[in-house]
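Have a look at the structure below before the remarks.
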Amino acid sequence: MIDRLREALKRFNPCDSCLGRAFGYGLTGLENRERGRAIKLYLGMRAHLEGEEETLELLARSGLEEAAAVLDDPPEPEPCGVCRGVLDKVDEFAEVVACELKDLEFRGFVVGSRWPEEIRKAEKELWETLGVEGEPIKREFNREVGKRVEHLLDVRADPRNPDIEVVFDFRPSLEDPKFEVHVRPIYVRGRYLKLRRGIPQTKWPCPRCRGAGCPNCDFTGKLYTESVEELIGMVLKDAFLAESHKFHAAGREDIDVRMLGNGRPFVMELLYPKRRNVDLKEIEGEINRKVGDDVQVVGLEYGDPEDVGKVKDLSERSRKRYRAWVKFGKPVPEDKLREVLKGLERSVIEQRTPRRVLHRRADKVRRKRVHEAKLIEYDGDRAVIEFLCDPGLYVKELISGDAGRTRPSLAELVEVEAECERLDVIEFLDEGGDRS
Ligand SMILES: [Zn+2]
Ligand SMILES: [Zn+2]
């Protein structure tokens, strides 16, 4: 082993950490640099007692001052041939991390690193020379920087459940690594109500400039100045000091349709939040105070990434109850209307993709069921009707027939033209409601 160590010193000039790391699984409660120094001291004492000047010179070159002190003409220390001096600078790297994280609110964090192939190769060759299997540099670096950051910021490293992940990438440069901070998004779930018509659910980029800004959109890049997403998002974004937000909802209503009743489930994803602990009851009140004439939220609570999929899933499973204001081409007798609505209940509608959404949806036939159709108000050529429908049934076309693309339709059955003048979603049934 002594010969192997001498050979390793000659070929790799390892620093204390890199030499100690080769024996990193030997004993516990030691830092690798302590292991490495212990080995070098032992070699140095032996060499001094036996007058092996060459070994003392190798040790002095690798930075062992005690060896240099007993030589008449000691060599200058040279950088480690494995880590190229990176492990001497873990304190500096920890300072960089602490500086980046000091304004962020978080619980656990984790340090990661990426290394160039040449370093991993040198490390492997050192181990082969010594005939051992050591601890990879990545693990030592991540742990040592992590420990120092814990101390500097009085926080906890938590690799299983980190809010923050910092990554050093040494592949482009060992002196000046790329440094990334990944902050786990915050998920807030709840339900929203849209009380005013004319607000799109999500940002609607100007079709002419695609969001860049042009005279068509008054240089806003948007076709509508507001959206449900933005009205809720701006308050949440400010509260969490987030960089941006992403909105996920259980389907969407048309821009001219209100969303009332118990509201539609949504999840707001807040990206790069600086704060993580916000009283959501307070935020709920703030949203409803600030934008409550247009949009309200209920039941805000903290969620997780799985909620995004769940909420999308919900849109395909959830029946909706609608209230529709219908205008007929000429008066329809009340008896006839009631009879037709009774016939519509439980019936299956064959609906080809409505013409108005053909530009963004595939042209196909959907088979959807109307579960309830109730006459609420009647006035000759006008009526208010409530429909309970399968998810994905287009109610405006259920009323008009969409030139024969939706069959049967209210217009077809009463044999009079019919048009949906106004529409509200008045209930969102999470689990589909009655399945019989
Ligand atoms: Zn080293
Ligand atoms: Zn534009």
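A few comments on the model shown:
- Using a probe of 1.4 angstrom and keeping all protein chains present, the accessible surface of the stretch 2-183 works out to 53 square angstrom per residue.
- Calculated FRET value between Leu358 and Asp103, using beta carbons and R₀ = 45 Å, to 0.05: 0.35
- For the chain, Cys with no neighbouring Cys Cβ under 4.7 Å: Cys18, Cys83, Cys99, Cys389, Cys420
- Looking at the chain alone, DSSP beta bridges between its own residues are antiparallel in about 85 percent of cases.
- Stretchable slack from Glu50 to Met1, in nm (0.36 nm times residue separation minus alpha-carbon distance): 16.0 nm
- Apportionment of accessible area to carbon and sulfur, the chain, percent (1.4 Å): 47 percent
- In the stretch 318-429, lysine pairs closer than 16 Å at Cα, eight or more apart or cross-chain: 10
- Once both labels are positioned 7 Å from their Cα atoms along Cα-to-Cβ, the gap between Val96 and Lys10 label points is 3.6 nm.
- Averaging the sequence gap over all C-alpha pairs within less than 8 Å and six or more residues apart, then dividing by the number of residues, gives the stretch 2-183 a relative contact order of 23 percent.
- DSSP beta bridge pairing in the stretch 2-183, given as percent antiparallel to the nearest 5: 45 percent
- Each of Glu150 and Glu76 was given a label point 7 Å from its Cα along the Cα-to-Cβ line. The distance between the two points is 3.9 nm.
- The relative contact order of the stretch 330-415 comes to 31 percent, based on Cα pairs under 8 Å that sit 6 or more residues apart.
- Relative intensity of the chain on a log10 scale, I(q)/I(0) at q = 0.09 Å⁻¹, equals -0.74, per a Debye sum over C-alpha point scatterers of equal strength in the absence of solvent.
- Under 16 Å from the Ile376 label point (7 Å along Cα→beta-carbon), backbone N, the stretch 384-398: 384-389, 395-396
- Gap separating the Cα centres of the stretch 135-150 and the stretch 301-362, nearest whole Å: 57 Å
- All lysines inside 25 Å of Lys281 as judged from Cα atoms, apart from same-chain residues fewer than 8 positions distant: Lys194, Lys237, Lys246, Lys290, Lys310, Lys312
- Inter-label distance for Glu165 and Cys214, nm, one decimal - labels placed 7 Å from Cα along Cα-to-Cβ: 3.9 nm
- Area of His48 that stays accessible when all protein chains are in place (1.4 Å probe, Å², to 10): 100 Å²
- Model label zone, Met234; criterion: amide N under 14 Å from point 7 Å along Cα-to-beta-carbon; scope the stretch 282-297: 287-295
The values are calculated or read from the model by the stated rules, or taken from the named source; none is laboratory data. Everything numeric in this text was worked out from a predicted model, so none of it was measured. Heads up, the Cβs are rebuilt from the backbone with ideal geometry, glycines too, and the neighbour counts pull from every protein chain shown. Side chains included, ligands, DNA and RNA excluded: accessible areas come from the protein's heavy atoms. Shrake-Rupley method; radii C 1.70, N 1.55, O 1.52, S 1.80 Å.
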